[in-house]
């Protein structure tokens with residue numbers, strides 16, 4: 001269940017949104033922390049980057065997500081159509097898009113491309129039962145076709161583990177029991193221009209336990225560095 005108070009109303013990609021992400025570990029980069037061996041060079045570098053952002057209040061050039069290159073620009077252009085088509089195929093009337101999810105006091109956050117609010121909790125006031133949606137619209141055919149051929153979370157992990165862990169972490173941050181990975185290409189025929197992969201937490205409990213352990217290790221290191229640089 002997602003606490004409604006964890007849903008930010010900051011406009012995505014705005015200066016305020018970028019500022020809110022400083023010092024926070026995001027789902028799109030979680031793959032740096034979920035490698036087979038803990039604390040790889042990439043993982044440690046990511047932790048250093050985030051502690052630096054927290055201490056200085058600034059990011060460093062090129063360190064954050066690049067939203068300027070051609071592939072990402074293409075994806076951002078066609079993402080709204082992909083979300084609309086996903087909703088149509090899934091018979092979902094309303095999807096919440098572009099909302100950063102952040103539990104107060106946490107160093108972890110997510111901005112799923114969309115959130116499906118399935119219903120309100122009967123037993124927990126101010127909580128929603130939600131599913132997360134991550135959409136990828138690769139421009140290049142040699143990227144789209146292998147993603148389209150993936151049919152299960154395991155297939156996606158074998159093809160692109162970065163995307164796999166992004167979905168897992170979004171679900172974790174949103175306390176969602178269901179997550180969706182969607183890949184879409186507008187130039188292909190409607191019969192084969194979209195693949196939807198459903199993630200069910202109940203079938204991936206070991207992965208969520210692994211993620212929780214890595215987050216715990218990350219928090220321990222982060223807190224040590226925060227104390228050192230706050231002295």
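Please treat every number below as a calculation from the coordinates, not as lab data. Note that the coordinates shown come from a computational prediction; the quantities given were computed from them, not determined experimentally. Counting neighbours? That spans all protein chains shown, and the Cβs are built from the backbone with ideal geometry, glycine included.
Per-structure values
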quantity: Equivalent ellipsoid semi-axes, the chain, via Cα gyration tensor eigenvalues times 5, rooted, Å; calculated: 28, 21, 18
quantity: GNM top mover of 56, 218, 35 - the chain, alpha-carbon springs below 10 Å; calculated: 56
quantity: Within the chain, percent of DSSP bridges classed antiparallel, to nearest 5; calculated: 70 percent
quantity: Computed FRET value (nearest 0.05) for residue 16 with residue 72, which takes r as the C-beta separation and R₀ as 25 Å; calculated: 0.75
quantity: Cα→Cβ-extended label distance, 7 Å offset, between residue 198 and residue 91, nm; calculated: 1.2 nm
quantity: Among 78, 142, 185, residue whose mean-square fluctuation peaks in a GNM of the chain (springs only between Cα atoms under 10 Å); calculated: 142
quantity: Highest-fluctuation residue, 190, 153, 112 considered, GNM on the chain with Cα pairs under 10 Å; calculated: 190
quantity: Full-extension gain in nm, residue 84 to residue 216, via 0.36 nm per residue minus C-alpha separation; calculated: 43.9 nm
quantity: 222 nm mean residue ellipticity, helices alone, for the chain (DSSP H n ≥ 4; -39,500 (n - 2.57); rounded to 500); calculated: -14000 deg cm²/dmol
quantity: Degrees between helix 161-174 axis and first principal axis of the chain (Cα, 0 to 90, nearest 10); calculated: 80 degrees
quantity: Simple label model, 7 Å out from Cα along Cβ direction - residue 4 to residue 224, nm; calculated: 4.2 nm
quantity: Computed FRET value (nearest 0.05) for residue 231 with residue 206, which takes r as the C-beta separation and R₀ as 35 Å; calculated: 0.35
quantity: Percent RCO, i.e. relative contact order, over the stretch 2-230, from Cα pairs under 8 Å lying at least 6 residues apart; calculated: 23 percent
quantity: C-alpha center-to-center spacing [the stretch 77-124, the stretch 140-176] in angstrom; calculated: 17 Å
